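One structure is given below, encoded as structure tokens.
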Amino acid sequence: MVEFAPLSVPLERRLQTFAVLQLIFSYLALYLVCYIVFIGLLFTRFWMISILYAIWWYLDRATPRRGGRQSALLRGATIWKYLKDYFPISLVKTTELDPSQNYLTGFHPHGMGVIGAFTNLCTEGMGFSVFPGICSHLMMLNMWFWFPFFRDYIMSVGLVSADKESAAHILSRKGGGNLLFIIVGGVKEALNGRPGAYKLVLRNRKGFIRLALIHGAALVPIFSFGENDIFDQVENSPGSWLHWFQDQLLKTTRFSIPLFYGRGVFQYSFGFMPYRRPITTVVGKPIEVQKTPHPSQEEVDRLHQRYMKELSNIFEAHKLKYNVPKDQHLELC
């Protein structure tokens, strides 16, 4: 039986649903809409708009690799507060961050859509200004910056290209105050994302550790409780045809498709809207890193081990507060 939403819903909750709906639309379709509009305008009397944008796009092509172009107006828009209240989402600050330093942050887990990361780190929905003097940047796959108009939208909220040049530009800025977020587990980790799952793809992910050493950026581990709980995923256990297909697609294209589902807008039984379940993002204590322009593999491995230990400590210290069973531990693979 389909469980329908009640007809009488407070305006506040309707606005929260709308805020999440527009975010899901942005993830699933906005980039295609922008591309269609760009091409479509070429066949109308407004063709000059696309031509002028194409020129601008070419001249501006390096911006996603040079820190992006943030908009305080969009990051501080009221709609993000409604997005935060829908779940709700919260940010736990366990320490101060010195604005004279640059930071490299690993965010775990990936979940579906990294909604906790986006809300807490790319908007003022939760109030990232609790870290005064810190400007945050979240890395996103390069392919998303090849969609006209959409690229400008995602850069305005702090998203930057996920490559070494982009990381180097941000982490080498003089004066400090820059925080670069990397979703370490990537799409592979998303394929494991489902309620109650605490399996992280991390043990062999060491590129971000090497970056921290090269630039002397302090490492900040972050764990987001509830990130995996807001969507269900079609069963894709190892050995299933779906797991095989997703794995082959990931190996071939470095991209895959998690088959997730949640609730609908007007009913609670199925759809692509996330469940109203809390997400709590805990920001850990920075690990000081000595700048090492040419780190050895041993130095990378040593820092990586320390990072995994600190991340596990965060999980263990906070898990009981967020309804994680006492005997549940992180699975690092």
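The values are calculated or read from the model by the stated rules, or taken from the named source; none is laboratory data. Please read all numbers here as calculations on a predicted model, not as lab measurements. Here Cβ is always computed from backbone atoms with ideal geometry, including for glycine, and neighbour counts include all displayed protein chains. Accessible surface is based on the protein model in full, side chains and every heavy atom, while ligands, DNA and RNA are left aside. Shrake-Rupley method; radii C 1.70, N 1.55, O 1.52, S 1.80 Å.
Values as computed for the structure displayed
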{"read-out": "Rh by Kirkwood over Cα pairs, then Stokes-Einstein D for the chain at 0.692 mPa s and 37 °C, µm²/s", "value": "156 µm²/s"}
{"read-out": "For Val282, distant residues with modelled amide H under 5 Å away", "value": "Val92, Phe223, Ser224, Phe225"}
{"read-out": "Residue-wise HN-Hα coupling along segment 259-273, computed from phi with Karplus coefficients 6.51, -1.76, 1.60 (Hz; x: Gly, Pro)", "value": "8, 9, 7, x, 10, x, 6, 10, 8, 9, 8, 7, x, 10, 7"}
{"read-out": "Above-threshold pairs, the threshold being 25 Å between Cα atoms, out of Lys81/Lys309; Lys188/Lys291; Lys285/Lys321", "value": "Lys81/Lys309; Lys188/Lys291"}
{"read-out": "Among beta bridges that DSSP assigns inside the chain, antiparallel share in %, nearest 5", "value": "25 percent"}
{"read-out": "Sequence-distant residues sharing a close amide H with Ile287 (under 5 Å, placed H)", "value": "Leu219, Val220"}
{"read-out": "Cα centroid of segment 283-327 to Cα centroid of segment 142-205, whole Å", "value": "18 Å"}
{"read-out": "Equivalent ellipsoid dimensions for segment 1-58 as semi-axes, Å, which come from the Cα gyration tensor, largest first", "value": "38, 12, 11"}
{"read-out": "Amide hydrogen neighbours beyond the local backbone of Tyr103, cut-off 5 Å, H modeled", "value": "Asn178, Leu179, Leu180"}
{"read-out": "Segment 150-226: translational diffusion in µm²/s, Stokes-Einstein, Kirkwood Rh over Cα pairs, 37 °C, 0.692 mPa s", "value": "228 µm²/s"}
{"read-out": "Within-14-Å neighbourhood charge of Leu159 [Cβ basis; K, R +1; D, E -1]", "value": "+3"}
{"read-out": "Cβ-based net charge around Lys309, under 14 Å, with every Lys or Arg adding one and every Asp or Glu removing one", "value": "+1"}
{"read-out": "Cα pair count fraction exceeding 17 Å, expressed as % - segment 95-163", "value": "48 percent"}
{"read-out": "HN-Hα J in Hz across segment 32-41 - Karplus 6.51, -1.76, 1.60, θ = phi - 60°, x for Gly and Pro", "value": "6, 4, 4, 5, 5, 4, 4, 5, x, 4"}
{"read-out": "Structure-based [θ]222 nm, the chain - -39500 (n - 2.57) summed over DSSP H runs of at least 4, per residue, nearest 500", "value": "-11000 deg cm²/dmol"}
{"read-out": "Potential extension, Asp247-Arg277 segment - 0.36 nm per residue separation minus Cα distance", "value": "7.9 nm"}
{"read-out": "Most mobile of Leu200, Leu249, Leu211 in a GNM of the chain (Cα contacts under 10 Å)", "value": "Leu249"}
{"read-out": "Environment charge at Phe272 (Cβ cut-off 15 Å; Lys +1, Arg +1, Asp -1, Glu -1)", "value": "+1"}
{"read-out": "HN-Hα J in Hz across segment 314-326 - Karplus 6.51, -1.76, 1.60, θ = phi - 60°, x for Gly and Pro", "value": "4, 4, 5, 6, 10, 4, 5, 5, 10, 6, 8, x, 4"}
{"read-out": "Selection of trypsin sites (Lys or Arg not before Pro), segment 233-333, meeting DSSP coil and at most 10 other Cβ within 10 Å", "value": "Lys326"}
{"read-out": "Computed accessible area, Glu96, all protein chains, 1.4 angstrom probe, square angstrom", "value": "120 Å²"}
